[in-house]
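Shown next, in structure tokens, is the structure this report addresses.
Computed from the coordinates by the stated procedures, all read-outs in this text should not be read as laboratory data. In this text the structure is predicted, and so the values were computed from the model without any measurement. Neighbour counts are summed over all protein chains in view; Cβ atoms, including those assigned to glycine, are modelled from backbone coordinates with ideal geometry.
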Amino acid sequence: MNFLMRFFKVIAYVPALVMGVENLLGAQKGQDKATAVLSLVQTVVADVPTSEIKDQNAFNDGLKQINDGVVKCLNASVWAKA
């Protein structure tokens, strides 16, 4: 499986992980929840060979931005009102 397909598989998990962590750690600080989600995402990313990631720090920063974007979208949606 090529890198792009693996990457999209990882990204597909982010909304479910955000919602799961929110249910488990709802009373915790946002930063604690973000750290938990990123930890879980990085576990899933372990399936992506490191030889395909040229800059691990930039890759991790991108994952953080994806997480932040998912949280913003969910908070701005009907889901947040539930």
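Between residue 55 and residue 35, the distance separating the two model label sites (each 7 Å from Cα on the Cα→Cβ line) works out to 2.6 nm. At most 11 other Cβ atoms within 10 Å and a DSSP loop assignment: could you name the trypsin sites (Lys or Arg not before Pro) in the chain that fit? Those satisfying the criteria are 29, 54. Shown for the range 3-81 is the translational diffusion coefficient from the Stokes-Einstein equation, using the Kirkwood radius over Cα pairs, a temperature of 37 °C and a viscosity of 0.692 mPa s: 250 µm²/s. Working note: Karplus 6.51/-1.76/1.60 with θ = phi - 60° gives the range 47-60 the couplings 6, 8, x, 4, 5, 8, 10, 7, 9, 4, 5, 5, 4, 5 Hz, where Gly and Pro are set to x. Relative contact order for the range 3-81: 40 percent, from Cα pairs under 8 Å spaced at least 6 residues apart, divided by residue count. What you get for the chain, charging only the Cβ of Lys and Arg (+1) and of Asp and Glu (-1), is a dipole of about 200 debye around the Cα centre.
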